[in-house]
Amino acid sequence: MTTTNFERAARPEPLFSDVHSQPPSDSKAATGAVDAALLDEYSRAVVSAANRVAPSVVNIEVQQRGKNQPSEIAGNGSGFLITPDGFILTNSHVVHGATWIVVNLSGGRDYPAQLVGDDPETDLAVIRIDAPQLVHVRLADSESLQVGQLAIAIGNPFGFQASVTAGVISALGRSMHSQSGRLIDNIIQTDAALNPGNSGGPLVNSAGEVIGVNTAMIRPAQGICFAIASNTARLVAGWLIRDGRIRRSYIGVAGQNVPLHRRVVRFYDLPLETGVLVVSVEKNSPAERAALREGDLIIAFNGQPIGSVHDLHKVLVGEQIGVSASLIVIRHAEKLELPILPAESR
């Protein structure tokens, strides 16, 4: 059979000879075996973590009275047991304002629950059930987490109980506004898929230890989900179990983050180049009694540099209630120290 010039031109020519382009068959087999082993290790890690944590994950059904709602509405979320005597950690927005709470355990048993404590500022809450032989989780140290680490989310999305999704930790140290407007620190970003109903469920590592409490996702985005770090959850849960609430202090100002003039930073040798501009001062507040004025720039509290409203929130803790402190402000070009007595936040 005769081959035309067109057919010869259209025939693809290898860039390298067949000897170099094709790996040996034994090399292919070895590569496939390694890939299979890695995939199997990944599967085993996810399965092991899920089996360890799943018995502690619960489904939470609530009746809530929403704002401007004439009747109660039903809600659904997730939670997980943190003690053998029935304390359950979940999100504040799952149980906030609930008039009726029922917890469904992994074995199918239903128990009425009581609200122990609720903290909208960190979107965490603790409820309790009276049930025997409860399996609880172990909280890991979230400070030891690394970006790229395996992250497994377990919850009840859309009511499908004990659903497991897996991904990695995408970023650490994020900040997110709670429903009250206060910033929540040490937020974990992950691509483990979350859906409505996952809220309050655990985010765990490959060892089956809880590293975060799943709290939110960005609906238009793909694979951007957030969890409250386990160290924050441990601290808040302890306070809620002990006191039923978390006390915070306040000084009574509305502020915004602004850059400081370079000359001011250099003249006073300030450690930060930003501060908090006082936009308004609340009547009969600690700030008004301290003679703080609109237009003042807060740059330090008790010797700790303040570069943002977030920094100010972090220092106004419960231990500061009724304890004398000092504010360093820039008024016009003058640096002033004002004594202030923070009060309990309402």
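Tabulated data
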{"item": "Cα-projected label distance for Glu72 with Asn51, points at 7 Å along beta-carbon direction, nm", "result": "4.0"}
{"item": "Nearest-0.05 FRET efficiency for Thr83 and Val147, computed from C-beta distance (R0 30 Å)", "result": "0.45"}
{"item": "Volume per residue that the Cα convex hull of the range 137-177 spans, once the total is divided by residue count, Å³", "result": "119"}
{"item": "The range 263-346, accessible area per residue, ligands and nucleic acids excluded (1.4 Å, Å²)", "result": "57"}
{"item": "Whole-percent carbon and sulfur share, accessible surface of the range 212-346, 1.4 Å", "result": "52"}
{"item": "Theoretical FRET efficiency, 1/(1+(r/R0)^6), r = Cβ-Cβ of Glu319 and Asp40, R0 41 Å, to 0.05", "result": "0.20"}
{"item": "Protein-only accessible surface order, largest first, of Arg109, Arg263, Arg138 at 1.4 Å", "result": "Arg263, Arg138, Arg109"}
{"item": "Length released on extending from Ala131 to Met176, taking residue separation times 0.36 nm less the Cα-Cα span", "result": "12.7 nm"}
{"item": "Coordinate range along principal axes, alpha carbons of the range 233-346, Å, largest first", "result": "49, 30, 21"}
{"item": "Accessible area per residue, Å², the range 108-241 with all protein chains present, probe 1.4 Å", "result": "43"}
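The values are calculated or read from the model by the stated rules, or taken from the named source; none is laboratory data. What you see is a predicted model, and the numbers here were worked out from it, not measured in a lab. Please note: Cβ atoms are built from the backbone with ideal geometry, for glycine as well, and neighbour counts cover all protein chains shown. These accessible areas exclude ligands, DNA and RNA; they are computed on the full protein's heavy atoms, side chains included. Shrake-Rupley method; radii C 1.70, N 1.55, O 1.52, S 1.80 Å.
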